[in-house]
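Single-structure report; data block below.
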């Protein structure tokens, strides 16, 4: 996911000054994907009135929140992160990761301190919807942001990998392919975020719950798998362009 304007051509191929181009959207992608999947899984447990061990969810959310907040905050405040190159990555990856990480951290704190009130049986859905109501305003705003990021990805053909990057580089001649893939993931997250406030108003609406759950689950799986794959592709890119 690197722009050619940051790459220096040499006789032996493209060269990158990696001292000016820190890259850690690998772990950010894995953490974001895992976070989306866990949010969907927790929602299913609450709607299905299944037993809940609140501390286990708090630990999971807290770990992911730490990763997303630290990396997202650093990327957001370092302008631009990658030397003299693409500052839009600070917005595309850093800011959503920071926002999602803060929300996961808040959920982890509540589940750790007060999660027993949700695990004591009965219907926890009304309490959860009341607690999440004010937060849904920010979720809605970030949903709109996801649509903006997706639109920018398509319009400016972002996310395209250079030929030197393994696997992804095989499609370097078709930059819209990877641009469409990543943009579609942001659209899925955005749809779920826009519907989230409506779901809180109608938590028993199966169509709403299904759409939000499917959108976030698909995006979560894709971010998780793509981030894992990038551990190979980004290492390969570094080796091929040092």
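The values are calculated or read from the model by the stated rules, or taken from the named source; none is laboratory data. Note that this is a predicted model, so its numbers are computed, not measured. We place every Cβ from the backbone using ideal geometry, glycine too, and count neighbours over all the protein chains shown.
Is it fair to say residue 173 is free of Cβ contacts under 8 Å to residues at least 12 places away in the same chain and either in contact with a helix residue (DSSP H, G or I) (Cβ under 7 Å, 6 or more places away or on another chain) or not in a helix (DSSP H, G or I) (or both)? Before the answer, list the steps.
Working: free of Cβ contacts under 8 Å to residues at least 12 places away in the same chain: yes; either in contact with a helix residue (DSSP H, G or I) (Cβ under 7 Å, 6 or more places away or on another chain) or not in a helix (DSSP H, G or I) (or both): yes.
So residue 173 passes the test.
Among 198, 224, which is the only one that is part of a helix (DSSP H, G or I) and free of Cβ contacts under 8 Å to residues at least 12 places away in the same chain? Break it down stepwise before answering.
On the way: 224 fails: free of Cβ contacts under 8 Å to residues at least 12 places away in the same chain.
The unique qualifying residue is 198.
Restricting attention to segment 110-146, the residues being surrounded by 15 or more Cβ atoms within 10 Å (Cβ to Cβ) and within 23 Å of residue 76 (Cβ to Cβ) number 8.
Of the residues 158, 185, only one is surrounded by 20 or more Cβ atoms within 10 Å (Cβ to Cβ), within 22 Å of residue 234 (Cα to Cα) and modelled with pLDDT of 95 or more; which? Even if it seems obvious, please write down each step before you answer.
On the way: 158 fails: modelled with pLDDT of 95 or more.
Of the residues listed, the single one that is surrounded by 20 or more Cβ atoms within 10 Å (Cβ to Cβ), within 22 Å of residue 234 (Cα to Cα) and modelled with pLDDT of 95 or more is 185.
Are any residues in segment 53-96 within 23 Å of residue 21 (Cβ to Cβ) and part of a loop (DSSP other than H, G, I, E, B), and if so, which ones? If the condition is that a residue be within 23 Å of residue 21 (Cβ to Cβ) and part of a loop (DSSP other than H, G, I, E, B), then 78, 79, 80, 81, 82, 83, 84, 85, 86, 87 are the ones that fit. Scanning segment 6-23 turns up no residue that is buried (at least 19 other Cβ atoms within 10 Å of the Cβ) and either part of a helix (DSSP H, G or I) or modelled with pLDDT of 95 or more (or both). For residue 99, the test of being surrounded by fewer than 17 Cβ atoms within 10 Å (Cβ to Cβ), assigned to a helix (DSSP H, G or I) and modelled with pLDDT of 95 or more is failed.
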